[in-house]
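Asks: Next up is a structure, given as C-alpha cells.
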Amino acid sequence: MPAQTPSPPLGWQAYTFCIAGVQKSGTSTLSALLDAHVNIAKAPRKEIHYFDDDARDWSNPDHSDYRVPRRRRVHTHLGDATPRYLAWPGALERIRAVNPAMLMIAIFRDPLDRLFSHWMMLRDRHGAGAPDWTEFTAWRPAGMPDSIPADLRGRADRKRFQLASGVIRGYYGSQVRAGLSLFPRDQWLFHDFASLLADHRGHLDLTTDFLGLSRYQEYPPLRRLMAAPDGVTGTTPTGDQLHELARLYQPEVEELAKLTGLPVQGWNTTRLLSGELDPEHLAETYATKAGRDR
C-alpha cells in the first residue's frame, strides 16, 4: 500500500474577537456556547490573559504567540475571553495596537449583584484569607481605576488585584466610554447578563450576526458554568451599605444605559435608587445566598 501524502499544514489561527468583560457576568457561559459553533475554534483556555500581562515588553512586543495552530479549515474565528481586560488600564489600547479590527464583546450585570458574586467567589476560594464585605468594598488603592498601582500589576499579583478591584469593576459607564474611544461602535456588542440567561438563543443569534457567521443549526443548551457556592463565611452587607454603593454606581449605570441601550430598569441598583426595592430586603436576599441568617 503506497504511503499517504501528508496533508499540508493549515497554518495559524488568529484571534478575531474578544470577550473583554465583565467578571462574574456570564463570560464563561457565553464563551462555552460560542465554542459549540462550527466556525469558531476553541481557545487553549478560556482566559488568555495576554493584554493584561505587564511582564511583556510592550515597547517592542513580539505577538507571534498570540495565535494557535489552525486545526480545521472551517474555523474562521477564535475568541479570547478574558473579562479583566475591560477593567485593566492599558489592555484595550494593547488590543487595538495588535489588531484594530478586533471584534469586542462585553456582558454587563447589575453592579451590586456582580459585586456580591465577586465577594462570594473570593470567600469560597480563600476563606479567611479573603476580605470581609466591609473591607472588600472599602479597599480602593490610590489611582484605581484610572491606573493600577505597581504592586498590583503583573501575573503574580492577580489574586491581590482580585481583592482590590471589586468596586471599580462596576464602573461600567467609564469602561464603555473608554472602549468606544478606541474601537468604533460597530466593533462592539453589548449583552445584559439577565437577558442572556432568559433568552440565550436570541443572544447567540445577535453574536453570530455580529461575527458575520451563520446562525446555529442546532443551539447548544444553556449551562451555568460558574455556579455560586452553597455558602460562605463572613459578614454580608447591610441595607445601608448597599444603598450607599447604589448611589456610587448611579452615574455609571446611567452612562452605560445611554451608551449601549442595555435595559437596566430591572437591575437591583436601579430599583434601590428609585425606591422600588427596599435595601434591607436586598440585604436579606444576599444573606440567604451566602447561607447566613439575619
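Every read-out reported here was derived from the displayed coordinates using simple, explicitly stated rules and does not represent laboratory data. Only a predicted model underlies this, so the values are computations on that prediction, with no experimental measurement involved. Every residue, glycine among them, receives a Cβ derived from its backbone with ideal geometry; neighbour counts consider all protein chains shown.
Asks: How far is helix 279-289 tilted off the main Cα axis of the chain, in degrees rounded to 10, range 0 to 90?
Replies: Taking the Cα atoms of the chain, the angle to 279-289 is about 60 degrees.
Asks: Given the -39500 (n - 2.57) contribution per DSSP H run of 4+ residues, what per-residue ellipticity at 222 nm results for the chain, rounded to the nearest 500 deg cm²/dmol? Numbers along the way, then the final one.
Replies: Values: 11 runs with 115 residues, N = 294.
Computed mean residue ellipticity for the chain: -11500 deg cm²/dmol.
Asks: Now a separate question. How high is the FRET efficiency between residue 198 and residue 160 when r is their beta carbon distance and R₀ equals 45 Å, given to the nearest 0.05?
Replies: Details: r = 35 Å, r/R0 = 0.79.
My answer for the efficiency is 0.80.
Asks: Starting from the 7 Å offset along Cα-to-Cβ, what nm value, one decimal, do you get for the label separation of residue 56 and residue 216?
Replies: 3.1 nm
Asks: Based on the mean of other Cβ atoms within 10 Å per residue, sort peptides 169-175, 52-58, 100-106 so the most packed one is first. Don't jump to the answer; show the numbers that get you there.
Replies: On the way: 169-175: 24.0, 52-58: 13.9, 100-106: 18.9.
The densest-packed peptide leads the list: 169-175, 100-106, 52-58.
Asks: When the dipole is taken about the Cα centre of the chain, and only Lys, Arg (+1) and Asp, Glu (-1) are charged at their Cβ, what size is it in debye, to the nearest 20? Display every interim value, and only then the final one.
Replies: Values: 36 positive and 35 negative charges, 217 e Å.
It works out to roughly 1040 debye.
Asks: Is region 166-294 rounded, prolate or oblate when judged by the Cα gyration tensor, a ≥ b ≥ c being the square roots of its eigenvalues, rounded requiring a/c under 1.5 and prolate requiring a/b larger than b/c? Please list the in-between numbers first.
Replies: On the way: a/c = 2.42, a/b = 1.43, b/c = 1.69.
Oblate.
Asks: Tell me the relative contact order for the chain as a rounded percent, counting alpha carbon contacts under 8 Å between residues six or more apart. Don't skip to the end; give the middle numbers.
Replies: Values: 421 pairs, mean separation 66.2, N = 294.
About 23 percent, as a whole number.
Asks: Give me the extension gain from residue 38 to residue 147: residue separation times 0.36 nm, minus the current Cα-Cα distance, reported in nm with one decimal.
Replies: Numbers: separation 109, 0.36 × 109 = 39.24 nm, distance 3.93 nm.
Gain in length upon complete extension: 35.3 nm.
Asks: Shape of region 23-70 from its Cα gyration tensor (a ≥ b ≥ c, root eigenvalues): rounded if a/c is under 1.5, otherwise prolate when a/b > b/c, or oblate? Don't skip to the end; give the middle numbers.
Replies: Working: a/c = 4.08, a/b = 1.56, b/c = 2.61.
Verdict is oblate for region 23-70.
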